[in-house]
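What follows is one structure encoded as structure tokens, with my remarks underneath.
A short reminder: the numbers here are calculations on the coordinates, not readings from a lab. Since the model is a prediction, treat every value here as computed from it, not as a measurement. Ideal geometry is used to build each Cβ from the backbone, glycine not excepted, and the neighbour counts take in all protein chains shown.
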Amino acid sequence: MRDREIDFQNLKALIFGMDGTLLDDNKEISDSFLEAIEKLKRREIRIAVFTGEDYIMARECLNIQDLEGPHALQSGASLIKGKDETIAKRWVDGNISSFVFELVPAVGCDVLVRTDSPGVSDWFHVGHFTVNPYLFFLQSKKYRITVLDNLSQVINKRRLLQLDATGDFGVLTRVLA
């Protein structure tokens, strides 16, 4: 980000994603980006983050930057400002979750349920993950995943913030279209 690329006179706010924008391939924030954010703050330009990441994954970045927000996490399912002051949450509709739970495993794909939980173990899955494009990511987060015999245990007791259907892209595209 360079000064000459941004019209600071009319700029009121900037919204960034995390992966590939705030964070590089190593999940780190570059010094030049930190400097740019400080420059934006001095100009009283509001900075917000919109990401698919949940608060546990995003909080280090948000806290380092001391970004007021508001921020949209989990692809908009959770809206926060400052240091985790909740503005709003949008829950997954029960009809959608029933459809996904029945259909996706039947075609050899995985369902990962993410709940609204302050604890670390807040992702739930049945069995082992199939080979899919997100397997490396899921394995790196296995400390957050509880493996169950049946996801209905979670669905009936907790509100769901996110359902992740993962697997072969072609299969998922045909099934969910």
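Quick rundown of the values:
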read-out	value
Failed criterion for PHE136 (all others in (1) over 13 Å from PHE101 (Cα atoms); (2) surrounded by 10 or more Cβ atoms within 10 Å (Cβ to Cβ) hold)	(2)
The listed residue being free of Cβ contacts under 8 Å to residues at least 40 places away in the same chain and within 17 Å of the chain's Cα centre (by Cα), out of PHE129, PHE136, PHE169	PHE136
Residue match in the range 8-20 (condition: surrounded by fewer than 19 Cβ atoms within 10 Å (Cβ to Cβ), assigned to a loop (DSSP other than H, G, I, E, B) and in contact with a helix residue (DSSP H, G or I) (Cβ under 7 Å, 6 or more places away or on another chain))	no
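Listed here are the residues, each with its yes/no results for (1) charged (D, E, K, R); (2) within 23 Å of LYS141 (Cβ to Cβ).
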{"position": "ALA58", "(1), (2)": "no, yes"}
{"position": "LEU62", "(1), (2)": "no, yes"}
{"position": "ASP66", "(1), (2)": "yes, no"}
{"position": "ALA72", "(1), (2)": "no, yes"}
{"position": "GLY76", "(1), (2)": "no, yes"}
{"position": "LYS81", "(1), (2)": "yes, no"}
{"position": "ILE87", "(1), (2)": "no, no"}
